[in-house]
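*Asks:* I have a structure I would like to understand better, so I am pasting it below and will then ask my questions one at a time.
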Amino acid sequence: MNDPKVIVALDFANPMHALALADKLDPRSCALKVGKEMFVVAGPEPVRWMVARGFNVFLDLKFHDIPNTVAQACAAATRLGVWMLNVHAAGGRAMLTAARESVDKTAAERSAKPPLLIAVTVLTSLADADLREQGVTDSAAAQAVRLARMTAVCKLDGVVCSAVEALAMRAAFGPPFKLVTPGIRPAGATRDDQARIVTPEAAIANGADYLVIGRPITQADNPLAALAAINSAIGVGVCTQDRNPE
């Protein structure tokens, strides 16, 4: 499977724990997400290791700064060889455009395919009441669509959004626009700190392209079995056997 739908969030304080899990996973069964905590602790080397092992790597650093700073950060991420990176749509049109241009330019200089560049709309930990505290009177769903529309105008590849909003996003922007959905919890799993959660099956039915799943896999008694069960639930058949059984 060249385009796995599950992105395993390697949100570990100790990068060695993340690499130990990644070493057991098959790049055909999942992509991997590296976030702020691990990147701050360990730097880019784990990302390079994952790319070299054949994984699609989503560098989830959510760049949000002035346009030039974000452009330089996106160029550096592109040079790492990641498959996907993200910025905050709330950074505005100029920032989004600078990110797009930087990714394309850097990839062309490397004679490489540009990574997917997506934007964060509304964090899945935020509910409508949280947005009202910030002066946003619309619902989280309406705000997410508004930010996604600006993202599409700036020619980014898609957005990070709750699977709750995925149905409206897919209707508004069509199939080429990628929808990456965190806040995914299999039936019966704990909510943790997510305010808006959806099962994997429902997320795919709503139009999600990729599912970001962390603790239900990484903290499971058997992470490989948990990943296999999720892939099976969304209709993906792939071998998830331990790559290093010894």
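*Asks:* Could you give the dipole magnitude of segment 85-143 about its Cα centre, charging the beta-carbon of Lys and Arg +1 and that of Asp and Glu -1, in debye to the nearest 20?
*Replies:* Charge dipole, segment 85-143, about its Cα centre: 340 debye, nearest 20.
*Asks:* Something else now. Quick check: pseudo-label points 7 Å beyond the Cα along Cα→Cβ at residue 170 and residue 142, how many nm apart are they?
*Replies:* Placing both labels 7 Å beyond Cα along the Cβ direction yields 2.4 nm.
*Asks:* Comparing 184, 234, 213, which has the greatest mean-square fluctuation in the GNM of the chain with Cα pairs linked when under 10 Å apart?
*Replies:* Largest GNM mean-square fluctuation: 234.
*Asks:* Taking the Cα centre of each part, how many Å lie between segment 204-218 and segment 143-182?
*Replies:* 15 Å
*Asks:* Roll a 1.4 angstrom probe over the protein heavy atoms and tell me the percent of accessible area of the chain that is carbon or sulfur.
*Replies:* 53 percent
*Asks:* Once Rh for the chain is found with the Kirkwood sum over Cα pairs, what is the Stokes-Einstein diffusion coefficient at 10 °C and 1.306 mPa s, in µm²/s?
*Replies:* Approximately 87 µm²/s, per Stokes-Einstein.
*Asks:* Calculate the translational D of segment 74-192 in whole µm² s⁻¹ from Stokes-Einstein, where the hydrodynamic radius comes from the Kirkwood formula applied to all Cα pairs, the temperature is 20 °C and the viscosity 1.002 mPa s.
*Replies:* 142 µm²/s
*Asks:* A 18 angstrom limit on the alpha carbon distance is what I want to check against. Which of 36/105; 36/62; 33/178; 5/113; 62/113; 62/105 exceed it?
*Replies:* Flagged as over cut-off: 36/105; 5/113; 62/113; 62/105.
*Asks:* Provide the per residue accessible area, probe 1.4 Å, for segment 90-137, rounded to a whole number of square angstrom.
*Replies:* Per residue, segment 90-137 has 53 Å² of solvent-accessible surface.
*Asks:* Okay, moving on. Which of these, 140, 108, 22, has the largest mean-square fluctuation under a Gaussian network model of the chain (Cα springs below 10 Å)?
*Replies:* Its mean-square fluctuation being the largest, the pick is 108.
*Asks:* Right, here's the next one. How are the alpha carbon pair distances in segment 10-113 distributed across 10 Å bins from zero to the largest one, expressed in percent?
*Replies:* For segment 10-113, the binned pair fractions read 15, 45, 31, 9, 0 percent.
*Asks:* Say each of residue 132 and residue 108 gets a label point 7 Å from the Cα, pointing the same way as Cα to Cβ; how far apart are those two points in nm?
*Replies:* Between residue 132 and residue 108, the simple spin-label model gives 4.8 nm.
The values are calculated or read from the model by the stated rules, or taken from the named source; none is laboratory data. Predicted, not measured: the structure shown is a model, and the values here were computed from it. Cβ: placed from backbone, ideal geometry, glycine included. Neighbour counts: every protein chain shown. The protein model used for the area step is the full one, side chains on, heavy atoms only, and it has no ligands, DNA or RNA in it. Shrake-Rupley method; radii C 1.70, N 1.55, O 1.52, S 1.80 Å.
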